[in-house]
Amino acid sequence: MKGYTATLKSGEAIYYIDRKRWLWTLSVLYPVQPFLGMWLHARTGQPGWLLLPLLSGYVIAPILDWLVGEDENNPPEAVVPQLEKDRFYRVLTYLVVPLHYASLIGAAWWAATRELPLWAFFGLAMVAGIASGLAINTGHELGHKKSAFERNLAKIVLAVPFYGHFWIEHSRGHHRDVSTPEDPASSRMGESIYRFALREIPGAFLRAWHIEKERLERLGHSAWHRDNQILQSGILSLALQLGIVIAFGWSMIPFLVVHNVFAWWQLTSANYIEHYGLLRRKEANGRYERCQPQHSWNSNHIISNLVLFHLQRHSDHHAHPVRRYQSLRHFDDLPQLPSGYFGAYLLSYVPWLWYRVMDRRLLALPHVAGDLDRVNIQPGKRARIESRYRHLLATDET
Amino acid sequence: MARHRCPECGYEYDEVSGDDHEGYAPGTKFSDLPEDFVCPDCAVIYKEDFVTEQRSAT
Ligand SMILES: [Zn+2]
C-alpha cells in the first residue's frame, strides 16, 4: 500500500499510510448496485431481488454503520498536499461518472424489456433514482474542484438525474447562504422534511437560475443564451432521457419521472439533515459570520462515509469547500448526527421522531446552549417550540 | 492595477485580465465588483476578506 513521507515542523519525519485508500472504491461500486439486483433477478427469476438496493440503503447500511462504528482518524496535515495531489483518489471520481449513466440506462432497459409486476417496475425506478441521487453526490465532489475538466464532469454527471443547476446552486448559493434563514437548502428547527422539500427543490432551482442570469447579463447575454450552464446540462439530460424513451418505449416516461424525483429526494434528505436548525450570526456590517465548523451536522460512521466520498465530514467541507474528499477531517466537539446519513434519512422521514432526537441535540450544542435566538427556526413555530422545550431553554434570570 | 487573492482557495482576481467566465471585463477594478461578490471558486470568502497584492510591474 502506498505511503507518504513528510517532515513535521518539529523536524520529525513521519510516514503515513491511508488505510482507507482502496476502500474508497466503495463510492464507485455503490452506485452500480442496480446491476446486482438485475443479476440476481436473472439468476433466480425472483423480481424481488431488484429491490435489493433499497434494502441496502435503508436497512443494511444503517445496521453496518451501527456495527462498524465511527472513525475519527485524520491524515496528518503535513501529508495533505501529497494526498490532494495523488491521482488515485480523483480517478475514482472520474470512473464513477460513466457508471452513473450505465446504471440508469441499464435499469431502464431492464424495466422495459422484462415482464415485471407493477411494484417491481416502479421499485426499479426508485432503485435507479437512489443510484442517481449518488450521481448528485459525485457531481458535488467534482463540482467543487477548480479544474475545468472536473467541473465539466460534474455537469455531465448531474445531467443523469436532470439536476444540472445544482453545480451553480450548491457552491454559489448554498455555500454562501448556508445555515441562514435565506438558504432554501438549510432546514429549520420545527420544519418537517416534507415541508422543507417544497421550499428546497424550487428554491434551489430559482437561486441557481438567478445567479446564472446575473452572470450572463454581465456578459451582455440574455438568460437563454447558449452559454447558460443550466441549459447546457439540461439539454444533455433531455437527450439522455428522450433517448431512453425512444429506445425503450412510452413506459419509460413514468419510470423516469419516478427516477428523477427519487434522485432529487436523496439530495433533499441530505440537505435536510446537514444543517438542521443551525444558524450563523449576523455581524455588525450586515453580513453573516463566515460559516464555522459548528454550522454543519457531521457523522464519522465509516460505512456511509466510504460510499459517499466523505460527504458526512461536512463541517470541514463547508470550511474548506475545495479540499478533496480524502483529506476531509474530523474535529472534536462538532455537531454530530446520531447515525450515518442513511440512518438519519430514515429518522427524518418520521418528523416527530426526528424532532425528538434532534431538537434536544440542537439545543444542547455549546454555541446554542438553549438560546433560540441562535437557532434557525421555522417562522410560526417558535411559540410551540418554546413551550415544548421550556426545560431545555436558557433563561434570562441569570 | 492590483491582484486580489482568496485566502481560502487561492483564486486570484487580477484587475488587468478581469474574469471572462464571470463576466468581469479586463480592467474592471476590484472595488467595482458587486457588493455581494464572493470568491467564484470556493464561494465562502466575501469581497472584503480578499487579500490585496499590489503589482510591481505594469
Ligand atoms: Zn476562494
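Report, in order of residue number, the helices in chain A meeting two criteria: a C-alpha extent of 20 Å or more along the helix axis, and a mean Kyte-Doolittle hydropathy of at least 0.5; treat each whole DSSP H run as one helix.
Span-like helices in chain A: A:87-113, A:118-143, A:229-248, A:252-274.
Given charges of +1 on the Cβ of Lys and Arg and -1 on the Cβ of Asp and Glu, with all other atoms neutral, how large is the dipole of the protein assembly as shown about its Cα centre, in debye to the nearest 20?
Charge dipole, the protein assembly as shown, about its Cα centre: 920 debye, nearest 20.
Can you bin chain A into rounded, prolate or oblate? Criterion: square roots of the alpha carbon gyration tensor eigenvalues sorted a ≥ b ≥ c, rounded for a/c under 1.5, prolate for a/b above b/c, oblate for the rest.
rounded
With the contact rule set at Cα under 8 Å and sequence spacing of 6 or more, what percent relative contact order holds for region A:178-250?
Taking the mean separation of contacting Cα pairs over the length of region A:178-250, I get 16 percent.
With the cut-off at 1.5 for a/c, could you classify chain B from its C-alpha gyration tensor as rounded, prolate or oblate?
Oblate, since a/c reaches 1.5 and b/c is not below a/b.
Using a 10 Å Cβ count of at most 10 others and DSSP loop calls, identify the longest part of chain A lacking such GluC sites (Glu not before Pro).
Counting at most 10 other Cβ atoms within 10 Å as exposed, the longest clean stretch of chain A is A:116-282.
Excluding the sites themselves, what is the longest stretch of chain A that contains no chymotrypsin sites (Phe, Trp or Tyr not before Pro) in a DSSP loop with at most 10 other C-beta atoms within 10 Å?
Counting only loop sites that pass the neighbour cut-off, the longest clear stretch is A:1-223.
Can you give the helix-only mean residue ellipticity at 222 nm for chain A, where every DSSP H stretch with n ≥ 4 adds -39500 (n - 2.57) and the sum goes over all residues, rounded to the nearest 500 deg cm²/dmol?
Counting only the DSSP helices, I get -16500 deg cm²/dmol.
Compute the relative contact order of chain A as a whole-number percentage, counting only Cα pairs closer than 8 Å that sit 6 or more residues apart in sequence.
About 20 percent, as a whole number.
Here are some pairs, A:Lys20/A:Lys85; A:Lys20/A:Lys146; A:Lys9/B:Lys47; A:Lys155/A:Lys282; A:Lys155/B:Lys29; which of them have Cα atoms lying more than 28 Å apart in this structure?
The answer is A:Lys9/B:Lys47; A:Lys155/A:Lys282; A:Lys155/B:Lys29.
Read the figures in this text as sums done on the coordinates, not as results from a lab. Given the structure is predicted, the values throughout are model-derived calculations rather than measurements. Don't worry about glycine lacking a Cβ; one is built from the backbone with ideal geometry, like all the others, and counts go over all protein chains shown.
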